[in-house]
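As structure tokens, the structure follows; a few thoughts come after it.
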Amino acid sequence: MSATAPHTSAEYIKHHLTNLTYGQHADGHWGIAHGAEDLAEMGFWSINLDSMFFSIALGVLFLWGFRKAAKSATAGVPGGWQNFVEWVVEFIDESVRGSFSGKNPLIAPLALTIFIWVFLMNFMDLIAVDWLPWLAGMMGVSYLKIVPSTDPNITFGLSLSVFALVLYYSVKMKGLGGFVGELTLMPFQSDNKVVQTLFMPINFLLEGVTLIAKPVSLSLRLFGNMYAGEMIFILIALMYGGNLFMGAFGGLLQLGWAIFHILIITLQAFIFMTLTIVYLDMASQEHH
Amino acid sequence: MNFNATLIGQSITFLVFVWFCMKFVWPPIMAALEERKGKIAEGLAAADRGRHEHELAQKKATETLHEVKLQAAEIISRAEKRGTEIIEEAKADAREEADRIKAGAMAEMEQEVNRAREALRGQVVSIATAGAGRILKRELDASANDELLKDLVARI
């Protein structure tokens, strides 16, 4: 294993929760961060290579697979893969129809991308925690976090993009005045102009918090769930370091948790997608 | 949690993926689904139509069969009637023919009888003449008794 191979349990956990970050060190040269000090030095302008790699790879995998089905899609009897893709697409389409009242050609493909991509990123959680980092270690890569959705950068990247779309459609559908009015004229309303003016900052505070809470809760829900799940996998993996009985018990636990986790990863992907649709629906709807 | 440029990278990646999905993945699949939906609807409609037509055809067949049966019954009854008619006609013809033959035979018979009678009469006359001639050979001359002989022949 590499030079940074962990020895104690704490080191092991920490090692598993550290991204492979590339950035500029304090002395000016660019390279991989080793530890918290390096990360602090690098600041914002550094990049998590592992998260980016796995998220892009999984996204490309998704688009490649679905594009393949889309290219050969016919109205005839669908084959196995096309059947599956159609089933997913219909499921997404139904969800969008159920939650999104307007007409917008962006929403359904957006929902599909989110659902499948997030699902795939979450799915990486089911790969035993040590395999890929160990392989990477053999190849000289010191840190590797293979589940992109346990990286808040990834989840916030998604939710902030969704948030940008929410803002865009809010302004587009309601006009800037309408959007600002929605933020400041509700929930407290008064016929008296002076009282209404007094209410404005309170309304803005309340509505502003509601608005900001959307992307934050969206990304933190996914991040929190996946991070906790990954943590439990790591803790279970620690049991393999104990005696035979502990190891066997750990194996049983891992199996159970992995089966349960299948539900969680799907559910989290679905929740992320559904909330995105709902937020965009709210943004596209006129308030009366 | 330390935030870095991964955030931006992920956002860009996300938008590119969504764009790609919207341009190249979603529309063809939806188009295929719509097309299949249309095809299935068409097929179902065709099946419905076929069933309806089948029902109609069956109804029509039953009707035709019924009609044909009626016609056949009528034809049979007519044929039966005609048959009895022919038989009656034949009987009448036969009877007429028999009558005619009988009448012919009768006439012939009568003729034969008459002829026989004439012949007999002639023979009787000659026999009588001969007889009388023998009896009256000498005294009587044929011409003297001619009147008497004629009377005798008329009486026979």
Where in chain B are the helices, taken as whole DSSP H runs, whose Cα atoms extend 15 angstrom or more along the long axis and whose Kyte-Doolittle mean reaches at least 1.0?
B:6-20
Kyte-Doolittle mean at least -0.5 and Cα extent at least 30 Å along the axis: which DSSP H helices of chain A qualify?
A:49-71, A:152-184, A:193-239, A:244-284
Computed D for the range A:1-122, Stokes-Einstein, Kirkwood radius over alpha-carbon pairs, 25 °C, 0.890 mPa s, to the nearest µm² per second, is 136
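Roughly how many Å² is the accessible area per residue of chain A, as a whole number, for a 1.4 Å probe?
Numbers: 14480 Å² over 288 residues.
Solvent-accessible surface per residue comes out at 50 Å².
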In sequence order, what are the phi-derived ³J(HN,Hα) couplings for the range A:35-42 according to the Karplus relation 6.51 cos²θ - 1.76 cosθ + 1.60 with θ = phi - 60°, rounded to whole Hz, with x for glycine and proline?
x, 5, 5, 4, 4, 4, 5, 5
What the 20 Å binned alpha carbon P(r) of the protein assembly as shown shows, as percent of pairs per bin from 0, is 17, 30, 16, 7, 5, 5, 5, 6, 6, 3, 0
With label points built 7 Å along Cα→Cβ from the Cα atoms of B:LEU15 and A:MET138, find their separation and express it in nm.
4.0
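So, with +1 on the Cβ of K and R and -1 on the Cβ of D and E, and no other charges, what is the size of the charge dipole of the range B:5-156 about its Cα centre, to the nearest 20 debye? Intermediate results must be reported in sequence, preceding the final value.
Working: 24 positive and 26 negative charges, 140 e Å.
Once rounded to the nearest 20, the dipole reads 680 debye.
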Considering only protein heavy atoms and a 1.4 Å probe, what is the carbon-and-sulfur percentage of the accessible area of chain A?
72
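If you average 1/r over all unlike Cα pairs in the range A:1-71 and invert the result, what Kirkwood radius do you get in angstrom?
Details: mean 1/r = 0.0697 Å⁻¹.
14.4 Å is the Kirkwood radius here.
Work out the FRET efficiency for A:ASP130 and A:MET173 from their Cβ-Cβ distance, taking R0 = 51 Å, and round it to the nearest 0.05. Could you put the intermediate results ahead of the total?
Details: r = 49 Å, r/R0 = 0.96.
Here the calculated transfer efficiency is 0.55.
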What share of Cα pairs, in percent, lie more than 16 angstrom apart in the range B:34-115?
77
Semi-axes (Å, rounded, descending) of the ellipsoid equivalent to chain B per its C-alpha gyration tensor are 135, 13, 7
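For the range B:27-116, with all protein chains present and a 1.4 Å probe, just round the carbon and sulfur fraction of the accessible area to a whole percent.
60
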Of the residues A:PRO187, A:PRO133, A:PRO215, which exhibits the maximal mean-square fluctuation in a Gaussian network model of chain A defined by a 10 Å Cα contact cut-off?
A:PRO187
Under a point spin-label approximation (7 Å from Cα along Cα-to-Cβ), what is the A:LEU17-A:PHE84 distance to one decimal in nm?
3.4
Using 7 Å Cα-to-Cβ label points, what is the B:VAL68/A:ASN192 separation (nm, one decimal)?
9.7
The rounded separation in angstrom of the Cα centers of the range A:272-286 and the range A:17-61 is 33
Give the lysines reachable from B:LYS91 as a straight Cα distance under 25 Å; neighbours fewer than 8 places away on the same chain don't count.
B:LYS81, B:LYS102
Note, B:LEU44: beta-carbon cut-off 14 Å, +1 each Lys/Arg, -1 each Asp/Glu, net +3
Cα centroid separation, the range B:68-113 to the range A:115-182 (Å)
112
Can you give me the accessible area per residue for the range B:1-93, using a 1.4 Å probe, in Å²?
74
What residues does the range A:27-63 have that are buried by at least 50 Å² of accessible area in the full protein assembly compared to the chain on its own, 1.4 angstrom probe?
A:PHE44, A:MET52, A:LEU63
Extreme residue, positive dipole direction of the range B:23-146, given options B:TRP26, B:ALA132, B:MET109 (C-beta unit charges):
B:TRP26
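The values are calculated or read from the model by the stated rules, or taken from the named source; none is laboratory data. As the structure is a prediction and not an experimental result, all values here were calculated from the model. Please note: Cβ atoms are built from the backbone with ideal geometry, for glycine as well, and neighbour counts cover all protein chains shown. Please note that ligands, DNA and RNA were not included when accessible areas were found on the heavy atoms of the full protein model with its side chains. Shrake-Rupley method; radii C 1.70, N 1.55, O 1.52, S 1.80 Å.
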